[in-house]
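J.: Below is one structure. I have some questions about it.
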Amino acid sequence: MRPGLRSAGTPVSAPLDVMTTNAEVRRFAYEFMPYAAIAPVLGAFAYTLDGVYIGATWARDMRNPLQAARYRTLVGSTFIA
């Protein structure tokens, strides 16, 4: 276990210790752990832009299947109830 990698008294390295006992794999994973932690934060902006552009350019392509699903749900629920 590496000193300084603690969060609320629980070692951050515990999941890595459970996944492997190979010291070389652990060393490599510890080296890239900061990148794995920051990737979702940096990717959130890209995911947001992706959603905005798909929503702005493919609105008709997304609307039609959603309305068909809504229609099937309403028709189906009348037969169930």
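Where a number appears in this text, it was derived from the coordinates with a stated rule and is not lab data. Remember, predicted model here, so these are calculated numbers, not experimental data. Here the Cβ positions follow ideal geometry from the backbone for every residue, glycine too, while neighbour counts run over all protein chains shown.
J.: So for region 6-80, taking the charge dipole from beta-carbon charges (+1 Lys/Arg, -1 Asp/Glu), which of Thr57, Ile80, Ile38 sits furthest toward the positive end?
T.: Going by the charge dipole, the pick is Ile80.
J.: Using unit Cβ charges (K, R positive; D, E negative) and no other charged atoms, how large, in debye to the nearest 20, is the dipole of region 6-80 about its Cα centre?
T.: 360 debye
J.: Kirkwood Rh over alpha-carbon pairs of region 6-80, then Stokes-Einstein at 37 °C and 0.692 mPa s: what D in µm² s⁻¹, rounded to an integer?
T.: Using the Kirkwood radius from Cα pairs, D works out to 192 µm²/s.
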